[in-house]
1. Calculate what fraction, in whole %, of the accessible area of segment 43-148 sits on carbon and sulfur atoms when a 1.4 Å probe is rolled over the protein chains.
2. What residues have an amide H closer than 5 Å to that of Ser213, excluding those fewer than 5 places away on the same chain, when H is modeled at 1.01 Å from N in the peptide plane?
3. How long, wide and thick is segment 128-224, going by the Cα atoms along their three principal axes, in whole angstroms, largest first?
4. From the protein chains alone at 1.4 Å, what is the descending order of accessible area for Arg70, Arg151, largest first?
5. Averaged per residue, what accessible surface does segment 107-236 expose to a 1.4 Å probe, in Å²?
6. If you plug each phi of segment 51-62 into the Karplus form 6.51 cos²θ - 1.76 cosθ + 1.60 with θ = phi - 60°, what whole-Hz ³J(HN,Hα) values come out, in order, with x for Gly and Pro?
7. Listed here are the pairs Lys139/Lys223; Lys110/Lys224; Lys101/Lys223; Lys124/Lys224; Lys88/Lys202; which of them are more than 20 Å apart at the Cα?
8. Of all GluC sites (Glu not before Pro) in segment 177-236, which ones are in loop regions per DSSP and have a Cβ with at most 11 other Cβ atoms within 10 Å?
Amino acid sequence: SGHQLRHDTYWQGTYYNASEEVTGKQSDGLPEPACDGNPPSVEGAGFAVSQHHVVTAAHVLYCCKKVMIRKLECSGRTGATVVATEQKSDLGLLRLDKPLKHYATLRGGKELQLGEAVLTYDRKPKVNGCPQYDVGQGKVTKLNWMPDDSRLMSHNAPIGAGSSGGPILDASGHVIGVTQAKRGGDTEAAAVKSHLLGAFLKSNNVEYNTAPSTEELSLSEIKKKSDKFTVIIDCI
């Protein structure tokens, strides 16, 4: 069925039984989610990294027939095309039909430190049908999610359901990670590190901005700045 093996593990492809029915799919060595029937519409967050490109979590984009982007105040709805997803790092990349004026800067220079302050986009209940987001504060609690997984860090800043794919920011308002869903009952949440995001963007030929984090901004300054490049993603 055109599958690829790596380290004797099914890596990429679709698997069929003797009756030629699809029995499973693998993507980057992990099982792909089943998209049978009509999955419910999903909302997540994302952020622009260039005029035409938005980053989100790969799992927000699974099973989408169509993807639309809205600004945080629910205006300016525009169509988007899925360019790439990387299941292992849970990163997704969208190309927009219309360019955005504002986009994020990834942190360059100094490595992230344990205990460093982080800010998240924390999803709140809808008001007049529009999702609301607060900027939540916390700190880095682990630099590696598990001893054998250096792709993820964890933090204790609040994130609600629907926050997946949003930016994790440092005290200068620069992106240091991408929000993953919080695991049930956990007080800490995982985030994909920004160096993996940088590699993902480079592999898809997307140019992005980086800058050293030297200036400490107030929470209101960071929110004002990051509200402009953070978006709501509607997966239909």
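1. Heavy-atom surface of segment 43-148 belonging to carbon and sulfur, 1.4 Å probe: 49 percent.
2. Distant-sequence amide H within range of Ser213: Gly108, Lys110.
3. Taking max minus min along each principal axis of the Cα atoms, segment 128-224 gives 38, 34, 28 Å.
4. I get Arg151, Arg70, largest accessible area first.
5. Dividing the accessible area of segment 107-236 by its residue count gives 47 Å².
6. Listing the rounded values in order: 4, 10, 10, 10, 9, 8, 8, 4, 5, 5, 9, 4 Hz.
7. Values: Lys139/Lys223 17 Å; Lys110/Lys224 24 Å; Lys101/Lys223 17 Å; Lys124/Lys224 18 Å; Lys88/Lys202 17 Å.
Check vs 20 Å cut-off fails for Lys110/Lys224.
8. Working: sites: Glu188, Glu207, Glu215, Glu216, Glu221; in loops: Glu188, Glu207, Glu215, Glu216.
The qualifying sites are Glu207, Glu215.
The values are calculated or read from the model by the stated rules, or taken from the named source; none is laboratory data. If you're wondering where the values come from, they're calculated on a predicted model, not measured in any experiment. Glycine also receives a Cβ, built like all others from the backbone with ideal geometry; neighbour counts cover every protein chain displayed. Surface accessibility is based on the protein's heavy atoms, side chains included, excluding ligands, DNA and RNA. Shrake-Rupley method; radii C 1.70, N 1.55, O 1.52, S 1.80 Å.
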